Amino acid sequence: MRQITLAAIMSAVTVTGALAHSKAEKTTPADAASIDAVDIIAIAFDDPMRVTAVSMTGPEGPVSIDRETGMEPVSEFRARPPGDLPAGTYTVDWRGLSADGHPMQGTFSFTLSD
């Protein structure tokens, strides 16, 4: 009986640990959106995430963005792109550490219209 109880506890701990990974729930702009202008890049997470790296690439190559969010774990990461972006498709790549310490990464893209 004791072995079964220990196995059940270990299984519950493993499932709880797996569920603790933070996930990106929403991005601004929305993934695959076609928009006229962009003034903020944001990623909302279901649990706090420490975003360790973020980059944006556009039709002319890498785009410099200014982080508004530091390196502390946050439920929403925010950064500002420059105001004079040309039309085209942009991709945002990010990496971070979830609330349980696991490395996570993601990407989303959007298109700026003329």
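Every number in this text was worked out from the coordinates using simple rules, so none of it is lab data. All of these numbers come straight from a predicted model, not from anything done at the bench. We place every Cβ from the backbone using ideal geometry, glycine too, and count neighbours over all the protein chains shown.
Please give the FRET efficiency for ILE65 paired with THR111, using the beta carbon to beta carbon distance and R0 = 30 Å, rounded to the nearest 0.05. Walk me through the numbers before you get to the answer.
Details: r = 17 Å, r/R0 = 0.57.
Calculated value: 0.95.
Which whole-Hz ³J(HN,Hα) couplings does segment 104-114 yield from phi under the Karplus relation 6.51 cos²θ - 1.76 cosθ + 1.60, θ = phi - 60°, glycine and proline marked x?
10, 7, x, 8, 8, 9, 8, 10, 8, 7, 5
Given H placed 1.01 Å from N in the peptide plane, which residues other than close sequence neighbours of THR52 have an amide H under 5 Å from its amide H?
ARG95, GLY96, LEU97
Sorting check: for 28-39, 47-58, 100-111, which peptide has the highest mean count of neighbouring beta carbons within 10 Å, and how do the rest follow?
Details: 28-39: 13.0, 47-58: 16.9, 100-111: 14.6.
Highest mean packing first, the order is 47-58, 100-111, 28-39.
For segment 81-88, take each phi angle, set θ = phi - 60°, evaluate the Karplus expression 6.51 cos²θ - 1.76 cosθ + 1.60, and give the result in whole Hz per residue in order, putting x for glycine and proline.
Going residue by residue, I get x, x, x, 10, 7, x, 4, x Hz, with x marking Gly and Pro.
Along segment 68-79, what does the Karplus equation 6.51 cos²θ - 1.76 cosθ + 1.60 (θ = phi - 60°) give for ³J(HN,Hα), rounded to whole Hz, x for Gly and Pro?
Taking θ as phi minus 60°, the curve returns 9, 9, x, 8, 6, x, 9, 7, 9, 8, 9, 8 Hz for segment 68-79.
Taking amide H positions as placed in the peptide plane 1.01 Å from N, state which residues far from ALA33 in sequence (5 or more) or on other chains have amide H under 5 Å from it.
Distant-sequence amide H within range of ALA33: THR111.
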